[in-house]
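K.L.:
Here it is, the structure in full.
The values are calculated or read from the model by the stated rules, or taken from the named source; none is laboratory data. What you see is a predicted model; the values in this text were computed from it and never measured. Quick reminder, even Gly has a Cβ in these numbers, built from the backbone with ideal geometry, and neighbours come from all protein chains shown. Areas reflect the complete protein model, heavy atoms only, side chains present, ligands, DNA and RNA absent. Shrake-Rupley method; radii C 1.70, N 1.55, O 1.52, S 1.80 Å.
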Amino acid sequence: RANEGSGPPALRSVCFLNGGLFPETHRPRPIQRLLISPLGPLVARLLNRSSFGRSFSAVFGPQTRPGPEEIDAFWRLIVENDGLRVMHRLIRYMSERRTHRERWVGALQRTRVPLRVIDGAADPVSGAHMAARYRELVPDPDVVLLPEVGHYPQVEAPAAVLAAYLAFVGRQ
């Protein structure tokens, strides 16, 4: 919106953590495919702590997988306020990313705001392959790739993420 002359005041910088910035590189997990399908509401109601734990752990790096206590904490966050009831609606971001791809990727390509991506290389959803696409599409790409880290670098390697972020904002 800032590129278009509307929206909030200009941002000073933007730092992305692992994410599917490009629909063509996003590799959704089986559970995501099920949730976005017409079966989504039923699938969400059938989720339980055990199935969630298996699926969730699979997107972490091989040495940074969450333990049972961490899985319990994430599960509590998901089920809070009947969160399973809306999971199939929250996953719509995958469709929105395809619908708005040109606008959103164009914003990354045209912005004058400093950008950085901090990405877990071992993320099967949006890891090293997404970072490579970012380098192809975004001018002067600033990418910090964390080896052996998966989809949640802020949880898996918080000190490395903080150091990369502070170095980035320190240059602004």
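K.L.:
Give me the distance in nm between label points sitting 7 Å out from Cα along the Cα-to-Cβ direction at SER6 and ASN81, one decimal.
P.N.:
That separation, rounded to one decimal, is 2.8 nm.
K.L.:
For the chain, what is the percent of antiparallel DSSP beta bridges, rounded to the nearest 5?
P.N.:
Of all bridge pairs located within the chain, approximately 0 percent are antiparallel.
K.L.:
Going by a ≥ b ≥ c, the root eigenvalues of the Cα gyration tensor, does the stretch 26-110 fall in the rounded group (a/c under 1.5), the prolate group (a/b larger than b/c) or the oblate group?
P.N.:
Note, shape of the stretch 26-110 comes out oblate.
K.L.:
What net charge is computed for the residues neighbouring PRO23, neighbours being all others with C-beta under 9 Å from the C-beta of PRO23, Lys and Arg scored +1, Asp and Glu -1?
P.N.:
Local net charge: +2.
K.L.:
So, one more: Multiplying the sequence separation of SER51 and GLU136 by 0.36 nm and subtracting their Cα-Cα distance, what value in nm do you get?
P.N.:
Length difference between fully extended and current span is 27.0 nm.
K.L.:
What does the charge count around LEU145 come to, taking other residues whose C-beta lies under 12 Å from its C-beta (Lys +1, Arg +1, Asp -1, Glu -1)?
P.N.:
-2
K.L.:
Once phi is turned into ³J(HN,Hα) by the Karplus curve 6.51 cos²θ - 1.76 cosθ + 1.60 with θ = phi - 60°, what whole-Hz value does each residue of the stretch 121-138 show in order, with x for glycine and proline?
P.N.:
4, 8, 5, x, 8, 8, x, 4, 5, 5, 4, 5, 5, 4, 4, 6, 9, 9
K.L.:
What is the sum of charges around GLY170, taking Lys and Arg as +1, Asp and Glu as -1, for the other residues whose C-beta is under 14 Å from the C-beta of GLY170?
P.N.:
Around GLY170, the charge tally is +2.
K.L.:
Could you state the accessible area per residue of the chain in Å², with a 1.4 Å probe and every protein chain left in place?
P.N.:
59
K.L.:
For HIS151, what accessible surface area do you get with a 1.4 Å probe? Give it in Å², rounded to 10.
P.N.:
Only protein atoms counted, so the area is about 40 Å².
K.L.:
Place a +1 charge on the Cβ of each Lys and Arg in the chain and a -1 charge on the Cβ of each Asp and Glu, then give the dipole magnitude about the Cα centre in debye, rounded to the nearest 20.
P.N.:
540
K.L.:
If you don't mind, another one. For the stretch 58-64, what does the Karplus curve 6.51 cos²θ - 1.76 cosθ + 1.60, with θ = phi - 60°, yield as ³J(HN,Hα) per residue in whole Hz, taken in order and with x for Gly and Pro?
P.N.:
Couplings: 5, 9, 8, x, x, 9, 10 Hz.
K.L.:
Report, in degrees rounded to the nearest 10, the 0 to 90 angle that the Cα long axis of helix 101-110 makes with the longest principal axis of the chain.
P.N.:
Taking Cα atoms only, the helix is inclined about 40 degrees.
K.L.:
Continuing with the same structure: Just the number: Rg to Rh for the stretch 7-76, Cα atoms, Kirkwood Rh, two decimals.
P.N.:
Using only Cα positions, Rg/Rh for the stretch 7-76 is 1.08.
K.L.:
Viscosity 1.567 mPa s, temperature 4 °C: give me the Stokes-Einstein translational D for the stretch 91-144 in µm²/s, with Rh taken as the Kirkwood radius over C-alpha pairs.
P.N.:
107
K.L.:
Sequence gap at least 6, Cα distance under 8 Å: using those rules, report the relative contact order of the stretch 1-115 to the nearest whole percent.
P.N.:
Result for the stretch 1-115 is 45 percent.
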